[in-house]
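Everything on this sheet refers to the single structure shown next.
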Amino acid sequence: MQQVTPRLAGLLSLCYLTSCAAAPSVIAPRGPAAESIANLWWTLLAVGMAVYVAVMAFLFYALFRRRRADLDLRTPVPRSRVQVVVWAGIIVPALILLGVHGLTLGVLRILAEPETPPALTIQVIGHQWWWEVRYPEYNFETANEIHIPVGQPVAIELVSDDVIHSFWAPELHGKLDLNPGLTNHFWLQADVPGAYWGECAEFCGVQHAKMQFVVVAEPVDEFAAWVEQQRRPAQVPADPQAQRGLEIFLGSECIYCHTVAGTGATGNLGPDLTHLASRRTLAAGAVANNRGNLGGWITDPQHIKPGSLMPPTDLTGADLQALLAYLATLE
Ligand code: CUA
């Protein structure tokens, strides 16, 4: 129970943040790929139920029919009964399996590529345990949050920096692995604006369960505004406390792992922080992005995400508050 509760709490908090009513369901699709998967699932369920009912009917017929008084086991089985076994036991099941196989191949074709070629390519790089998200056409990167324009397909290039991960946003598409040294080509399309929860679906180490992301599908103009905002380098804050926070940040070890565009921080081991304050979650969906959680994450990340590669920081109260004030300006 102690193992489960933080995971559930994380899930619920993410749901709250992303305004989804419950955990995402593969049978509540919000895009064409997920819809074809859900349709196949319903079809298989219906076929499976029909076969089950037919088999049970045969079984009960055999169990409860009246035994014939004149039954003589030495007489040969009538030809008509042999034909029942051949049809119901071999030919019909083979036809059903062939039909299901054909349906599955059709869905695989739909999943392989979208109907129209995607106009936008997003690179997603899996790390233990977070998602690096790059927009090469716009020359910026973010983390654990993928924004896409609603109603059109986007191409996703999946690669891993370390071990095998798996990219899965259940309401939008199936799963695809991220392999080290190999680029896998994927696509996403959401037909309804919204924030869709995604997660790593391949066990990848101690914090596999806290390797989540959000796909934010928004109307084209909102997406364009988001892109413009993400492309902007960080500004020197006007507030004196935040200015002191910037000095603390640039004098700390943070800059060896994190980038803030427009400053001397150019590390690339951890997530790009240029627009940290605009994101919904911290540590790949582990906690909501607010000042309290960010303070806790900076001072004791192992408490929130044991095994995370983020080291603790021993900042004093006033310095920590100044740093938090600075990070809050990174919108
Ligand atoms: Cu990455 Cu599981």
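GNM remark for the chain: springs join alpha carbons under 10 Å apart, and the peak mean-square fluctuation among Trp168, Trp87, Trp187 falls on Trp87. Accessible surface computed residue by residue for the chain, with neighbouring protein chains in place and a 1.4 Å probe, gives 55 Å² per residue.
Between the Cα long axis of helix 220-231 and the first principal axis of the chain there is an angle of about 40°, rounded to the nearest 10. Taking the DSSP beta bridges with both ends in the chain, the antiparallel portion is around 70 percent.
Which FRET efficiency, nearest 0.05, do Val192 and Leu103 yield, Cβ-Cβ r, R0 25 Å?
That gives a FRET efficiency of 0.50.
Applying both filters, DSSP loop and at most 15 other Cβ atoms within 10 Å, to the GluC sites (Glu not before Pro) of segment 80-184 gives Glu115, Glu137.
Projection of the Cα convex hull of segment 270-323, averaged over all directions and equal to a quarter of that hull's surface, yields 3.7 nm².
Summing Cβ point charges (Lys, Arg +1; Asp, Glu -1) relative to the Cα centre of segment 126-268 gives a dipole of roughly 220 debye.
Computed extension length for Phe60-Gln123: 17.0 nm, one decimal, from 0.36 nm per residue of separation with the Cα-Cα distance subtracted. Dividing the helix sum by the residues of the chain, where each DSSP H run of 4 or more adds -39500 (n - 2.57), gives a mean residue ellipticity at 222 nm of -12000 deg cm²/dmol. Take the solvent-accessible surface of the protein heavy atoms, probe 1.4 Å, and return the percent of it on the chain that carbon and sulfur atoms account for. Of the solvent-accessible surface of the chain, carbon and sulfur hold 62 percent.
Stretched out straight at 0.36 nm per residue, the stretch from Ile27 to Ala50 would grow longer than its current Cα-Cα span by 6.3 nm.
Taking the convex hull of the alpha carbon positions in the chain and averaging its projected area over all directions gives 23.5 nm². Could you give the Stokes-Einstein D for segment 135-243 in µm² per second, using the C-alpha Kirkwood radius, 37 °C, 0.692 mPa s? Taking Rh from Cα pairs, D becomes 212 µm²/s.
Simple rule: put +1 on each Lys or Arg Cβ and -1 on each Asp or Glu Cβ in the chain, find the dipole, and look at Phe213, Gln230, Thr121; the Cα lying farthest toward the positive end is Phe213. Solvent exposure of Met49, expressed as accessible area, is near 110 Å², computed with a probe of 1.4 Å over the protein chains only.
The values are calculated or read from the model by the stated rules, or taken from the named source; none is laboratory data. Treat the numbers as computed from the prediction; the structure is a model and nothing was measured. With ideal geometry, Cβ positions are generated from the backbone for all residues, glycine too; neighbour counts draw on all protein chains shown. Calculation scope for accessible area: heavy atoms of the full protein, side chains included, ligands and nucleic acids excluded. Shrake-Rupley method; radii C 1.70, N 1.55, O 1.52, S 1.80 Å.
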